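Working notes for the structure below.
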Amino acid sequence: MSNWNLVRYSRSCISRFKNPHQKNFFSFCTSINEEGRTAPVRPGPPPVRVALTESAGRGVFATRRIGAGELLHTAKPLVSHPASLSTLQRVCCFCLRKLGNRNVSFCSEECEERAKAFYGVETKADWSAYDDYCRSNGLKYPLLVKRFACMVILGSVSADLLDILQPSSLSPQMISEMEKGFNLLKSAFKEANVADEKMACCFSLTFKVLTKQWYTGVLARIRINAFRIELAGEPYEDLFLAAAASVEAEAAVGNAVYMLPSFYNHDCDPNAHILWIENANAKLTALCDVEAGEELRICYIDASMNHDARQAFLSQGFGFQCNCLRKTSNHNLDEGGGICEEIPSILKGIDVEDIGFLNTKIGARTVRDQRLQVIIRVGFQESNQCKMNDGQCTTVGDECG
Ligand SMILES: C[S@@+](CC[C@H](N)C(=O)[O-])C[C@H]1O[C@@H](n2cnc3c(N)ncnc32)[C@H](O)[C@@H]1O
């Protein structure tokens, strides 16, 4: 496929995504016009394009010189979901903004309105068996599929919306596990259908589209392309607390899949990163100066791990061996912080699904923040997942390895 085809391909996918609830793929900003009114302004196109790389499929390339720290583009989720069923009460059901102690489902009327893309069906069905299945197996991606299916049923998105994204390869065992989830999803919809006659025509159409093959295909894409979202909106002084919380695992507000961000390839020494300030709307920024034509890559994994651990994560979670230039643990990112050579041991207790969690959670932030990196190392050590300096590395700032 030529680069030209790919550019057209991604455009056609953007137009396919148009739906009443999420009007624009790239976000709009506003400005004050001469009469003093707020007017929507469409920013110029983002300085990136999707094209074929030599060895990593499609990738995102700079179309002009980009300065360090520059915003590349923003991205709204195609589908998002609170991190877990317990998080549901703590974050906005639509945008994942933290709700504080308010006993509400949405942070604003706008989110409530936008949630109509799925909410009517999501709240109608009895999800107890499906949710139990997710909880007991520690799965979060089926929650994204559930929401996506509700959007399809309501006609908010097309069932093939995610087809353009790269799927992970699935073993027969993984497929049969997923089939359990599919059957539970289907029976939840079937019961809701029986209970609500008004929904009957939507459901009967949907059952033809939402097949077992559809379910596994969507999950296969979500596995590779979903981001775990942690908000970076906390004030800097809270960073230590935030890092400690992230080691304890409940720091994420949710998971989401985006279109353009899904085309960013991985590099252990990335030149771009993705972050979330206050809700699930993502910002992609350049970490350093990037020349026109250069590929922009983000880090999928915890950048502070050593070479072998990085390779293990990438191979297990994403199915590739990284051939980036950062071969050893002592290159670049490791300056001053030291890298724990035993981190591979943490792989033992980690579900493959959690790999996405480690990448976005720690990856981008460790690269930029040495203090955070140190805390995360201490966190690993405290949870007995990693023995740094033979278990002596207990204070922040200790060198390791
Ligand atoms: C989120 S997708 C990135 C976009 C993808 N290249 C595509 O064509 O849609 C992740 C997949 O891209 C490929 N990939 C990403 N980074 C890579 C790298 N550094 N080396 C080789 N393959 C990579 C792997 O197949 C990985 O599973």
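A short reminder: the numbers here are calculations on the coordinates, not readings from a lab. Since we're looking at a predicted model, the values are computed, not measured. Because the Cβ atoms are built from the backbone with ideal geometry, glycine has one as well, and the counts that use them run over all protein chains shown.
Structure above, values below:
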read-out: At R0 = 60 Å, FRET efficiency that the Cβ-Cβ distance of residue 191 and residue 54 yields, to 0.05; value: 0.75
read-out: Segment 79-225 - charge dipole about Cα centre, Lys and Arg +1 at Cβ, Asp and Glu -1, debye rounded to 20; value: 320
read-out: Neighbour-count ranking [beta-carbon atoms within 10 angstrom, fewest first] of 118, 61; value: 61, 118
read-out: Extension gain from residue 213 to residue 180, taking 0.36 nm per residue of separation minus the Cα-Cα distance; value: 10.6 nm
read-out: P(r) tail fraction, segment 92-233 - alpha-carbon pairs more than 25 Å apart, %; value: 30
